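See structure below.
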Amino acid sequence: MAQAPFSQPDSDEEEVVIEGKRQKPTTSPVYTIDSNEIFKQGADSAAEILRGLPGFAINDVGYGADIHTGTYYRGASINQSVFLLNGRPIGTNISTYHGGTDLNSISTSAIEQVELSSGTSATLYGSEAVGGVVNIITKKGGGTPTLNGLAQFGSFDTSTYRGNFTGSAGALSYALSYERFQAENDYRVPVGAANRGADGRLFNGDVKRDSYYGNLSLDLNPRNTLSLDVSTLTSRRGLLYFGFPLQRDRLNHDQVNAGLSWRAMLGNRDDSTLTTTLSFNQDYFTTEGPAQGTFSRTGRLDSRALNARIEHNWQTSRANNLRWGVDMQAASLAGETLSSVPRFIQFNGEVDRDRFQTALFALNTLQLSNTLQAEVGLRQNFTSDFGSYLNPSVGARWAVSPTLAVRGSWVSVHRNPGLDQLYIYDTVHNWLPNPDLTSETGSSWSAGLDIQFAPRLLGQFTYFGSRLNDRLGIIAGRWENVGLVNTNGLEAAVRWQIAPQWSTFVNYTYTDAKIGSGTEKGLQLSFVPYSVARLGIGYRSNGWEVNLYTSYFSGARRAFFLNPGDSNREFSSGWLNLDLGLRIPVSKQLGVTVFLENLADRSYEKSNRIYQPGLTYRIGLQSTF
């Protein structure tokens, strides 16, 4: 929900407001959600944040969710979108489920804002953005030293402890945070549910994670700023599969991400900014568990990436802006597999592979008139193992009137296979690599309307589509280029600041992601629902907050881990959910938080045989000093 009233544009060049934040007009929608709204929604992970944004379908979050969470933006999988931390890549480029980008392990304590963009953003941040670009922006310090804390407890031994300390000392500002989250998730599940133990409860669904974050920012002078941020994650959890009778595998995930950035304002005005960034990201995964009762298996994945980026944002004239620069990445993946299953022993061993890639990019935004804006982008990519390729993009926005704008974009996309898909045997799923894989290529496009119905009521309506050739998938237990996928859909986002104390939003997304070739031609992509929606209404006054959220999921096609007799054309059942969030002020510095989830107390199937428990609660104490 919006945190501030919408503003009536005074001219065609006025900025529009989305999620309470002012955004410059763009040729494709940009959605943002800030820390206040994240807290109001009770989100404990990045996955829970994103499920409320337009275009996203996330079919397993919250209780019992693990790294197998299906995440789709406009029908594209998690590895077909770009995930950034403060503008730098954090995706592992690992596609095996126990080594992918784990949105359920990214805590919310250090997040200031999340931005979701698409279209020509691919020119700036990566041609693999078939769906879009998610930029997670972390907190920065400044001002009087402030300490925030939260202690929260809930159903099934859920507990959360958070602490944030921010402030400044002269030209140096700082932000430090820590979060511990843990849950047993041993709730009752119906017969036929994945990982249903002998006692009728979810088995092996426990999770424990610790997150640390620190940011230092130094103003060298009024025109030069140096900043460093470091985040770490330690996660220990069980793995759940969508259809296995009883999965016992354990997953350990350790991550470190560090970035050093220098921002320099060139010349004597504010029209030329040079940003130089160096960053390092490491994800270390280990799995262990039994196989077929009497055998065992273990796996290790060590993904590392050293990134460098130089970007010049240059307002060459009042009507023209140029963003151009260079991206470089040296990535490596070391893997080790060990299985005692006789037929898989031949795949045991160690693999160590690396990849170097760089890209030159330029995105030019031209204000052709007071009402017409155009964007043209080029991204020239060079890779050590897949050669070079050029990806262009174009976009346009026409402000028909002060309250109506028409926009559209088109972008060429290209995603290379992950190093694991090419070279590493997956001991958990028994999936074989394929060194002969080719890249996924195609294009994405959108067209839409921005409508200011009233000074405080904004609607954004977008048609989106994509055509992806040689999509990667599993055939007979081996990674293959499975063929063509055509996607078309609609998304709607409406924000209304009803009154200073009341606000509401509605998001709806329809996705038709059709397989265009092969034996499953004409079928919807597995795990991608046709429809998702989320509605929220909130009241806020004098420290009191009441927020009601409704979520809808239409169900998704089953395709993996089917039980005997199941059809791969079968869809899981749809569901409708109600959640309530409260904040009750105790004093100016203290407040009690209450979250009641699944008010209808109905156990429903979130994903393929993964179930949501009935009514659950979380109660906490929030402090600010």
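The values are calculated or read from the model by the stated rules, or taken from the named source; none is laboratory data. The shown structure was predicted, so the numbers you read here are calculated from the model rather than taken from an experiment. Neighbour counts run over all protein chains shown; Cβ positions are idealised from the backbone, glycine included. These area figures cover heavy atoms from the full protein model, side chains too; ligands, DNA and RNA do not enter into them. Shrake-Rupley method; radii C 1.70, N 1.55, O 1.52, S 1.80 Å.
As I understand it, the dipole of the chain uses +1 on the Cβ of Lys and Arg and -1 on the Cβ of Asp and Glu, about the Cα centre. Which of Asn430, Gln346, Leu322 lies farthest toward its positive end?
So the residue furthest toward the plus end is Leu322.
Under a Cβ-only charge scheme (Lys and Arg +1, Asp and Glu -1), can you give me the dipole magnitude of the stretch 279-406 about the Cα centre, in debye to the nearest 20?
Dipole size: approximately 400 debye.
How much accessible surface area, in Å² rounded to 10, belongs to the heavy atoms of Leu615 with a 1.4 Å probe?
90 Å²
Using a probe radius of 1.4 Å on heavy atoms only, what accessible surface per residue do you get for the chain? Whole Å² is fine.
Accessible area per residue, the chain: 40 Å².
Go through the stretch 442-454 residue by residue and turn each phi into a ³J(HN,Hα) via Karplus (6.51, -1.76, 1.60, θ = phi - 60°); whole Hz please, and just put x for glycine and proline.
After applying 6.51 cos²θ - 1.76 cosθ + 1.60, I find x, 8, 10, 8, 8, 8, x, 10, 10, 10, 8, 5, 7 Hz.
Tell me which trypsin sites (Lys or Arg not before Pro) from the stretch 545-624 have a DSSP coil assignment and no more than 15 other beta carbons within 10 Å of their own.
Here the trypsin sites (Lys or Arg not before Pro) that fit, given the DSSP loop and packing criteria, are Arg569, Lys588, Arg602.
Could you give the distance between the Cα centres of the stretch 380-397 and the stretch 490-523, to the whole Å?
Going from one Cα centre to the other spans 28 Å.
Tell me the relative contact order for the stretch 186-302 as a rounded percent, counting alpha carbon contacts under 8 Å between residues six or more apart.
Result for the stretch 186-302 is 20 percent.
Under 26 Å between alpha carbons: how many lysine pairs meet that in the chain, if sequence neighbours fewer than 8 apart on the same chain are excluded?
18
Across the stretch 531-548, in residue order, what do the Karplus-derived ³J(HN,Hα) couplings come to in whole Hz, using 6.51 cos²θ - 1.76 cosθ + 1.60 with θ = phi - 60° and x for Gly and Pro?
Each residue's phi maps through the Karplus curve to give 9, 9, 8, 8, 10, x, 9, x, 10, 9, 6, 6, x, 8, 9, 9, 9, 10 Hz.
In whole Å, how far is the Cα centre of the stretch 214-285 from that of the stretch 117-187?
Taking the Cα centre of the stretch 117-187 as reference, the centre of the stretch 214-285 is 11 Å away.
In debye, nearest 20, what is the charge dipole magnitude of the stretch 111-227 about its Cα centre with +1 on Lys and Arg Cβ and -1 on Asp and Glu Cβ, if you could check?
Charge dipole, the stretch 111-227, about its Cα centre: 120 debye, nearest 20.
Could you rank Thr138, Thr225 by how accessible they are, 1.4 Å probe, largest area first?
Reading off the accessible areas and sorting them downward yields Thr225, Thr138.
Can you give the helix-only mean residue ellipticity at 222 nm for the chain, where every DSSP H stretch with n ≥ 4 adds -39500 (n - 2.57) and the sum goes over all residues, rounded to the nearest 500 deg cm²/dmol?
Rounded to the nearest 500, it is -500 deg cm²/dmol.
Share of the chain's accessible area from carbon and sulfur, percent, 1.4 Å?
58 percent
Relative contact order for the chain: what is it in percent, counting Cα pairs under 8 Å that are at least 6 residues apart?
The value is 12 percent.
Which entry is the computed Cα extents along the principal axes in Å for this structure: [x] 100, 58, 50; [y] 71, 60, 48; [z] 82, 61, 50?
The listed entry that was calculated here is [y].
Does the stretch 254-405 classify as rounded, prolate or oblate by the C-alpha gyration tensor (a ≥ b ≥ c root eigenvalues; a/c under 1.5 gives rounded; else a/b over b/c gives prolate, otherwise oblate)?
prolate
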